[in-house]
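Let me begin by presenting the structure, written as structure tokens, before commenting on it.
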Amino acid sequence: GAVVSQHPSWVICKSGTSVKIECRSLDFQATTMFWYRQFPKQSLMLMATSNEGSKATYEQGVEKDKFLINHASLTLSTLTVTSAHPEDSSFYICSARDTQNNEQFFGPGTRLTVL
Amino acid sequence: GNSVTQMEGPVTLSEEAFLTINCTYTATGYPSLFWYVQYPGEGLQLLLKATKADDKGSNKGFEATYRKETTSFHLEKGSVQVSDSAVYFCALSTPGGKLIFGQGTELSVKP
């Protein structure tokens with residue numbers, strides 16, 4: 001089946017630094033990828049829609065300058081959390097939509113802890 | 001707007017018990033409906049889906065029927081196992097392909 005990977009699976013960083021998270025579709029092409037944030041014991045909140053070759057579309061209330069998204073190829077999207085603060089600590093999950101059948105597949109998530 | 005509401009958890013059942021997790025939605029038009037499962041420490045996996053009214057999605061003994069008249073998509077399983085312990089999310093898709101999730105329901109199955 002279709003596989004989506006995320007790297008790293010977990011990261012700990014100091015406040016004020018930037019962290020990049022990669023999302024890759026391993027065996028299919030994804031024109032569109034989505035980035036979600038999940039707080040403990042809560043639902044997934046859609047942050048932004050990432051489109052290959054164009055700017056990401058951010059949901060209301062999500063700071064685009066803080067959460068930089070780049071979708072440089074049909075198999076890779078990156079989320080960079082800039083100037084991270086402890087309140088950015090969360091579980092970040094990406095999904096990739098298969099261009100051929102529109103089905104979405106989720107990555108395993110990245111746990112970010114900002115000290 | 002679009003929204004999904006699930007019954008609150010946690011739900012604790014004994015092995016072989018009957019499971020129902022309620023899900024209702026609000027949407028413009030006729031969205032596709034999904035159930036996803038998240039095992040501890042893992043990402044989401046699609047459990048089942050239904051794309052139009054009266055469709056029944058099924059997988060691994062789980063079932064859910066798309067009920068337009070009650071705007072519901074309740075998840076059921078006749079006999080749960082310990083391995084079914086996980087968090088279950090109901091979701092709908094918007095015309096643009098975005099997924100709107102319910103708050104999740106944690107299921108714990110005891111031997």
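A few comments on the model shown:
- Peptide B:94-100 - average C-beta neighbours from other chains (10 Å radius): 4
- Packing, taken as the mean count of other beta carbons within 10 Å per residue, orders the peptides B:16-23, B:60-67, B:30-37 from highest to lowest as B:30-37, B:60-67, B:16-23.
- Length-normalised contact order for chain A - Cα pairs under 8 Å, 6+ apart - percent: 37
- When the accessible areas of B alone and A alone are added and the area of the pair subtracted, with a 1.4 Å probe, the result is around 1200 Å², both sides summed.
- Ratio Rg/Rh, restricted to region A:16-112 and using Cα atoms, in which Rh is the Kirkwood radius: 0.95
- Loop-located GluC sites (Glu not before Pro) across region A:1-94 with a Cβ neighbour count of 11 or fewer within 10 Å are A:GLU63, with loop assigned by DSSP.
- The accessible surface of region A:62-115, taken with every protein chain in place and a 1.4 Å probe, is 50 percent carbon and sulfur.
- The relative contact order of region B:49-111 comes to 23 percent, based on Cα pairs under 8 Å that sit 6 or more residues apart.
- Within straight-line cross-link reach of A:LYS41, aspartates and glutamates at Cα separation under 12 Å, skipping those fewer than 8 residues along the same chain: B:GLU8, B:GLU106
- log₁₀ of I(q)/I(0) at q = 0.09, 0.12, 0.18 Å⁻¹ - chain B, Debye sum with one point per alpha carbon: -0.21, -0.37, -0.82
- Annotation for region B:62-84 versus region A:90-115: alpha-carbon center distance of 25 Å.
- Note on B:LYS56: aspartates and glutamates with a C-alpha under 14 Å away, same-chain residues under 8 apart excluded, are B:GLU76.
- Sulfur and carbon atoms: percent of accessible area, region B:41-111 [1.4 Å]: 48
- Too-long pairs where the Cα-Cα distance tops 22 Å, listed order kept, from B:LYS77/B:LYS98; A:LYS14/A:LYS66; B:LYS49/B:LYS110; B:LYS49/B:LYS77: B:LYS77/B:LYS98; B:LYS49/B:LYS110
The values are calculated or read from the model by the stated rules, or taken from the named source; none is laboratory data. Because the structure is predicted, anything quoted here is derived from the model rather than measured. Every residue, glycine as well, gets a Cβ built from its backbone with ideal geometry; the counts of neighbours run over all protein chains shown. The accessibility values were calculated without ligands, DNA or RNA, using every heavy atom of the protein model including side chains. Shrake-Rupley method; radii C 1.70, N 1.55, O 1.52, S 1.80 Å.
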